[in-house]
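Take a look at the structure below.
Here, each number is a calculation from the coordinates, and none is a lab measurement. For clarity, every value in this text was computed on a predicted model and none was experimentally measured. Every residue, glycine among them, receives a Cβ derived from its backbone with ideal geometry; neighbour counts consider all protein chains shown.
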Amino acid sequence: MIGTTVQHYRIVERLGAGGMGEVYRADDLRLGRPVALKFLTPSLKSDPESRARLLNEARAASLLRSPNIAVTYDIGESDGADFIAMEYVDGETLAARLARGPVPIREAIQAGIQVADALDEAHSRGIIHRDIKSANLMRTERGLIKVLDFGLAKILPQGALDVTKPQMTVAGMVIGTVSYMAPEQALGKVVDHRSDLFSFGIVLFELLTGRM
């Protein structure tokens, strides 16, 4: 796909891939800015559930307004392939940073405050991320943390989250990254915003110790 143009986005380089999606850096030819384009992997582009999950990711992220959450610009389709156009964040993930060892306490605190602010914004709008981990947290050269990948997010039907009451998802469904999961999430039980906070706690431990 490198060098091709999808709608008004010219694809420049491949940034990475996961189980469901591939992410590319592209140039927005209309606005003259870099963007990140996320496509479903070729094997999933015709799968209705995967397409619905991609749309859910775009909807969840587009509801949020925080300097610590990557902005979603648009969702589109080209030759049967759905994609999301997002803010391109130039930096490294906290997972990549941790490959060099634990971070200083001050740096960990600064990162933690920003992640907490992002989660507060998401939870206040009834959105549970469900995959908070160091690989989904990007740090720019200026120290700004951006929460990425709302592909597993749960949007509660009531809208804003009432933090005084447990909120539920489908029991029996296990999604997320096992090493960061809260016990109830790993067991396929109902989850709410506290599951994100458990995962966030593991990230803080990882930042300070350099291990899981």
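For the chain, what does the helix formula give at 222 nm: sum of -39500 (n - 2.57) over DSSP H segments with n ≥ 4, over the residue count, nearest 500 deg cm²/dmol?
One gets -9000 deg cm²/dmol as the mean residue ellipticity at 222 nm.
For PHE198, what is the net charge nearby, where nearby means another residue's Cβ is under 14 Å from its Cβ and Lys, Arg count +1, Asp, Glu -1?
It works out to a net charge of -1.
Once you list every other residue whose beta carbon is under 10 Å from the beta carbon of ALA85, what net charge do they have if Lys and Arg are +1 and Asp and Glu are -1?
-2
Apply 1/(1 + (r/R0)^6) to the Cβ-Cβ distance of ILE155 and ALA17, taking R0 = 30 Å, and write down the FRET efficiency to the nearest 0.05.
For R0 = 30 Å, the calculated efficiency reads 0.75.
So, R0 is 22 Å and r is the distance between the beta-carbons of LEU31 and ARG142; what FRET efficiency does that work out to, to 0.05?
FRET efficiency, LEU31 to ARG142: 0.50.
Just want the answer: with Cβ charges of +1 for Lys and Arg and -1 for Asp and Glu, which residue in GLY101, ALA111, SER134 is farthest toward the dipole's positive end in the range 92-146?
Of GLY101, ALA111, SER134, it is GLY101.
Packing-wise, with mean Cβ within 10 Å as the measure, how do 2-9, 43-50, 56-63, 82-89 rank, highest first?
The peptides rank, most packed first, as 82-89, 56-63, 2-9, 43-50.
What do you get for GluC sites (Glu not before Pro) in the range 99-151 restricted to DSSP loop and a cutoff of at most 15 other Cβ within 10 Å of the site's Cβ?
GLU141
If you take the alpha carbon radius of gyration of the range 5-87 and divide it by 2.2 N^0.38 Å, what ratio comes out, to two decimals?
Relative to the rule-of-thumb radius for its length, the range 5-87 sits at 1.04.
Taking the Cα-to-Cβ direction at SER43 and at GLU92 and moving 7 Å from each Cα, how far apart do the two end points lie in nm?
In this crude label model, SER43 to GLU92 measures out at 3.1 nm.
If you rank PHE39, PHE205 by fewest surrounding Cβ atoms within 10 Å, what's the result?
So the residues, fewest neighbours to most, are PHE205, PHE39.
Three principal axis extents, largest first, for the C-alpha atoms of the range 91-209, in Å?
Result for the range 91-209: principal-axis Cα extents of 38, 26, 23 Å.
Taking every pair of Cα atoms in the chain, average 1/r, invert it to obtain the Kirkwood radius, and report Rg/Rh to two decimals.
Looking at the chain, the ratio lands at 0.96.
Suppose every K and R has +1 on its Cβ and every D and E has -1 on its Cβ; what is the size of the dipole of the chain about the Cα centre, in Debye to the nearest 20?
280 debye
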